[in-house]
1. Determine whether Gln79 is at pLDDT below 85 and in a loop (DSSP other than H, G, I, E, B).
2. Could you grab the pairs with beta carbons closer than 6 Å, sequence gap of 6+ or different chains, first residue in the range 203-228 and assigned by TED's automatic domain parsing to the domain that holds Asp263, second one surrounded by 15 or more Cβ atoms within 10 Å (Cβ to Cβ) and of a type in the set (Asp, Glu)?
3. Looking at (1) within 27 Å of the chain's Cα centre (by Cα); (2) surrounded by fewer than 16 Cβ atoms within 10 Å (Cβ to Cβ); (3) more than 18 Å from Ala162 (Cβ to Cβ), find the lone condition where Ser185 falls short.
4. Restricting to the range 1-20, count the residues that are closer than 15 Å to Asp57 by Cα, loosely packed, with under 13 Cβ neighbours inside 10 Å, of a type in the set (A, V, I, L, M, F, W, C) and without any contact (Cβ under 8 Å) to a residue 40 or more places away in the chain.
5. Would you please name the residue that is surrounded by the most Cβ atoms within 10 Å (Cβ to Cβ), looking only at residues in the range 263-285 that are of a type in the set (Asp, Glu) and part of a loop (DSSP other than H, G, I, E, B)?
6. State all residues of the range 21-45 that are crowded, with 18+ Cβ neighbours inside 10 Å and either modelled with pLDDT of 90 or more or not in a loop (DSSP other than H, G, I, E, B) (or both); if no residue qualifies, say none.
7. Have a look at Arg199, Arg256 and point out the one that is in contact (Cβ under 8 Å) with a residue 12 or more places away in the chain and in contact with a Gly (Cβ under 8 Å, 6 or more places away or on another chain).
8. With the structure loaded, tell me whether Thr230 is touching a Lys or Arg at 6+ places or on another chain (Cβ under 8 Å) and either under 27 Å from Pro134 (Cβ atoms) or surrounded by 17 or more Cβ atoms within 10 Å (Cβ to Cβ) (or both) or whether it fails that test.
Amino acid sequence: MRNPYEVLGVAASASAAEIQSAYRKLAKKLHPDLNPGNKTAEDQFKEVASAYDLLSDAEKRKRFDDGEIDASGAERPHQQYYRDFASADHGNHYADMSGYADFMEGEDPFADLLRRSQHARANRRGQDMHYRLPIEFLESIAGANKRITLPDGSNLDVKIPAGLVDGQTLRLKGKGAPGTGKGGSGDALIEVEVLPDRRFTRDGDDISLEVPISLAEAVLGGKIPVLTPTGSVTMSVPKGSNTGTTLRLKGKGAPRRGGGHGDQFVRLKVVLPKPPDPELEAFVANWAKGKDFNPREERAS
């Protein structure tokens with residue numbers, strides 16, 4: 001550490017009043033509350049506070065001047081005795097505000113700032129805690145109740161609102177780290193990760209699902225079960241449906257912020273039986289109109 005006289009910008013012969021005045025001038029300039037986010041100013045302030053802590057104590061100052069302790073207040077190696085105050089933590093000067101006791105009695109704005117700063121630190125709100133929670137796609141649409149196991153072994157219950165999107169953050173008020181004094185606890189911030197689903201996709205408030213149908217259902221039509229976020233429903237397949245035919249289930253999508261729900265779109269996919277059916281092969285082989293039909297020409301026109 002630098003020589004404390006140099007840090008405060010005073011001579012080694014400076015009086016206690018001169019040291020206090022130099023400290024007050026630098027503290028007004030470098031105080032972290034007056035320089036939010038300025039790490040350089042904060043580090044300089046800590047150095048100034050440490051220097052003042054040493055020089056404002058007459059006994060410490062004398063021992064420093066006599067070479068018994070260094071600039072941090074620690075005993076020099078050649079000394080054979082130990083004093084209780086030599087083990088004092090000079091790095092927490094800013095945290096407990098003890099070095100400002102002489103300045104907090106006045107009525108000027110700086111004294112008021114110090115009093116408010118001390119009160120805020122004595123009643124500091126706890127830190128927010130950040131967590132990541134994976135959920136299933138259907139849980140993000142319909143909502144769910146989940147539980148997170150915290151590093152200390154305790155549990156945190158989380159209610160997933162219906163319609164939540166990937167990356168959305170939930171705030172659980174007061175479930176973070178405890179504060180000091182009357183500061184209260186911080187919040188738990190839960191970033192939700194919606195896991196991909198091999199069946200569903202989402203576009204805004206609408207969702208899509210591909211459903212296989214048989215050749216008979218495609219030709220003759222019929223009723224088939226279709227999965228939705230709230231359970232299975234029965235859907236009618238029109239006669240003559242093709243792969244790619246899209247049907248709509250109104251109101252079966254994700255909840256909308258302004259009320260109501262999006263829709264669920266069902267894309268049909270015609271699937272032939274496996275292994276191939278000889279009876280179907282025989283029918284197609286003898287199906288004259290089927291041989292005359294060219295779907296590629298129809299699409300081109």
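The values are calculated or read from the model by the stated rules, or taken from the named source; none is laboratory data. Keep in mind it's a predicted model, so treat the numbers as computed, not measured. Using ideal geometry, Cβ is built from the backbone for each residue, glycine included, and neighbour counts are taken over all protein chains shown.
1. Taking the combined requirement at face value, the residue satisfies it.
2. Going by the 6 Å Cβ cut-off, the qualifying pairs are Asp206/Asp263.
3. (2) is the only condition that Ser185 fails.
4. 1
5. Looking at residues that are of a type in the set (Asp, Glu) and part of a loop (DSSP other than H, G, I, E, B), I get Asp263.
6. Ala22, Tyr23, Leu26, Ala27, Leu30, Phe45
7. Testing whether each residue is in contact (Cβ under 8 Å) with a residue 12 or more places away in the chain and in contact with a Gly (Cβ under 8 Å, 6 or more places away or on another chain) leaves just Arg256.
8. Answer is yes for this residue.
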